[in-house]
Each structure stands twice: as C-alpha cells, then as structure tokens.
Amino acid sequence: MFETMSIETLQAYWWIIISILGSLLIFLMFVQGGQTLIYTIGKTEPERKMLVNALGRKWEFTFTTLVTFGGAFFASFPLFYSTSFGGAYWVWMAILFPFIIQAVAYEFRSKPNNLLGHKTYEWFLIINGLLGTVLIGTAVATFFTGSAFLVNKSALTNLPDPAISRWQHPAHGLEAVLDWRNVALGLAVFFLTRVLGTLYFMNTIDDENILARSKKQLLVNGIPFLVFFLAFCGALFTMPGYAIRPQNGFVLGESYKYFHNLIHMPIVLMFFSSGVVFVLLGVALPLVDSSKYAASGIWYAGAGTILTVFAIFCLAGFNNTAYYPSSFDIQCSLTIHNSSSSHYTLAAMSYVSLLVPFVVAYIWYAWKAINSKKIDAAEMEEGGHSY
C-alpha cells in the first residue's frame, strides 16, 4: 500500500504524523503546568499530596509522547534531527534535564527516608514545569524565526569529518531566547499548560478548597496566555517567511508567508480558529459555572490545544514552506522534501504508524481506568501507592 505512494505523499503523511504527536505532547504537558501550581493551589501538605498524586497518574504519558515525538522526527526527517539535535545541543540538553529530574522526583518523593526530602523533589517538579514548557515552546518558535546553521551534504565524502550540519552560533541553540517572538511562544505554552493543569485538577480532585483556588488560577493564567499567544500570532502573520520554488527547491523570502499559508489552506484555518475557540471555552465555562463545567473544561481546552498546535505545525511545513529556516544561509533551510528519509524508509515506517490509533485507544482506556474515581482527602489517608 505505502510502497505505491509517491515520495511527496509519504513526506506529507509523516509531517502530519509529527504534527499530531507534537499537538498531543503540548496537551499532555498539563502535567508540567500542574507541577508549577503545587504550592499555589495546595496550601497544606494533604492538599499538595492530592495534587502530586493526581499528576503522578499521568506523567508517564507525557514522557512517552516526548520520546515518541523525538524518535518519529529522527526517523522521518533525519536531517532536521542531525541539524537541530546535533547543533543546538545546549537547548535540547536544557529541555531533557528537567524531564530526567521529573522522573526521579515521582520515583523517590514519597519513599521513606529518601535522601533529599520530599520538598526537594517537589521543587524538581516545579523546575520541570517551568523550563520544560518555556524551552519547548521557544524551540518550536524557531520553526518560523529560523536558526543559525549551515548544511553541506557533500561533507559526507570527507571521511575525517563527515558532519553535514554545522551550527554557526557559539550558544548552540540557547540564542533562541534572544528573539522575543520565540520567548513569547515559550511563555504562551507555559501559561497554557498551567491552564490545562488547573482544569485537570478540577476534573480529577474532589476538594472544595482546591476547586476554589483552581477557579481563581484559571483567570490568573488564562489572561497572560492570551496576551503572549496573541503577541506571537500577531508577529507570525505579519512577518516574512521562507517559501520554496517547487520547480527547483530554491528558497526565497515571502512577505506575510504564514498568513498566506493560513488563507491558502482552509482546513488548517478551520483547525486553528476552532482550536482557539475551544481553548477559550475551556477557560470560560468553568469560570461561569464551575458546578456544571468543572469536570469538562479540560476536554474543551485539550481538544482546542490539539487542534491549534496541529494547525501551527501545518503552517510551518506545508504550502511550499521551509519548516526550519536557516538565518545563516537561506538556501540551507530545511523542508519536508530535502530533509526526509528515503522512499523505502518512509514507506516501511508507515506500516508501523498504523499502530498509532491503537496506542491512542490504550491511552484513552488507561486514562479512564485510572480516573474512575476522583481523588479526595479520604483516599489519601487510606494509603496505597503514592507519588
């Protein structure tokens, strides 16, 4: 089946897979957002225990999706992987380190006589929630603003030093924080995950004090999310982009490129606009009537997050657009055509991708099974597994 598809179709197919995984990852980062609220919503030790245990039930979903996203990117678009992960290694190390200490925290926080004490592990979770979200959002923004790298495929024949991608900035990726547009998206992701984390607490925990504080945090975090997201969108739809000539692959600047992409791809426009509406509904409905919408807000905002992020990835990669522009040499910019694996590799991997719906179904089943009963103070007192 996949063998008969053209290389262009397979490249588009795998960019869609990457976009789906990326959008699921941002949604599942409600775990990271919730971790930054441990001391804001939880004022007592029993309350913080409920919050951490609620998040502990889901943190592995986020970690697994992050690994899957990275693996799929590596396999389908290896030139991006070697360019970004091989060149911008400081920013990727800065992203991965917080996820490592997150795993350590959930493993050892509740262990008796643990070495560092449970408060130290709670701060590990807060660090993961802050750095993980801001840096991932900042890294995604470079899909539009560009990075300083040089690609020379002929270097493969240079046996002493066959690296074809070379980073051209000594900060090796950390320079992305010097562009306010990158930081704006990073902060938008940070506050969005805090909103999603708050909605998750409202869905999962049965406690009046936590519900009241969560409702307040929806407004506290929803407003800055909207400010930073609109700032990034305003910059995105007015900035020049990097277009590709289909005839020869030549890359050139185009004014309002991403706005043109939005208009020229009506289904992406529909995903983007409906996604934003769903996120706003997820925030607004629990504020208006928390007794009725406290449990469902996470599903409105979650669906909206997935649709919006999916649309943003589509804007970066489709409609003859360079999804990873080079600010050092525009002709070195990466596209889904010049950075992908071979036809054989993409076709072979596509059979594995057919398992994705089963994985999603398993996650849904596990989610419902774990959340069959809301967490409350009585359940925490009964004992059992605790994070």
(message) Roughly how far apart, in whole Å, are the Cα centres of region 12-41 and region 305-351?
(response) 20
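Between TYR89 and LEU116, what's the calculated FRET efficiency when r is the beta-carbon distance and R0 is 30 Å? Round to 0.05. If you can, show how the numbers build up before the last one.
Details: r = 28 Å, r/R0 = 0.93.
Computed FRET efficiency for TYR89 and LEU116: 0.60.
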(message) Starting from the 7 Å offset along Cα-to-Cβ, what nm value, one decimal, do you get for the label separation of ILE263 and VAL359?
(response) 3.8
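What is the sum of charges, Lys and Arg at +1 and Asp and Glu at -1, for the other residues whose Cβ falls under 14 Å from the Cβ of LEU285? Mind showing how you got there, number by number?
Numbers: positive: LYS215, LYS292; negative: ASP289.
Summing Lys/Arg as +1 and Asp/Glu as -1 gives +1.
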(request) Express in % the proportion of alpha carbon pairs of the chain at distances exceeding 35 Å. (result) 27
(message) Need the full-extension length gain, VAL277 to LEU219, defined as separation in residues times 0.36 nm minus the C-alpha distance. One decimal, nm.
(response) 19.3 nm
(request) Wrap a convex hull around the Cα atoms of region 1-109, take a quarter of its surface area, and give that in square nanometres. (result) 8.5
(request) Write out the chymotrypsin sites (Phe, Trp or Tyr not before Pro) in region 149-258 meeting two conditions: DSSP loop, and at most 11 other Cβ atoms within 10 Å of their Cβ. (result) PHE250
(message) How far apart, in nanometres, would the label points at SER6 and VAL227 be if each is projected 7 angstrom from Cα along the Cα-to-Cβ direction?
(response) 4.8
(request) Please give the helix 180-204 orientation as an angle from the longest Cα principal axis of the chain, in degrees from 0 to 90, rounded to the nearest 10. (result) 40
(request) Express in nm, to one decimal, how much length is gained between HIS343 and GLN247 on full extension, taking 0.36 nm for each residue of separation and deducting their alpha carbon distance. (result) 32.6 nm
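Multiply the residue separation of SER386 and PHE108 by 0.36 nm, subtract the distance between their alpha-carbon atoms, and state the gained length in nm to one decimal.
Length gained, SER386 through PHE108: 99.1 nm.
Values quoted throughout were computed directly from the atomic coordinates according to the rules given, and no laboratory measurement underlies them. Remember, predicted model here, so these are calculated numbers, not experimental data. Don't worry about glycine lacking a Cβ; one is built from the backbone with ideal geometry, like all the others, and counts go over all protein chains shown.
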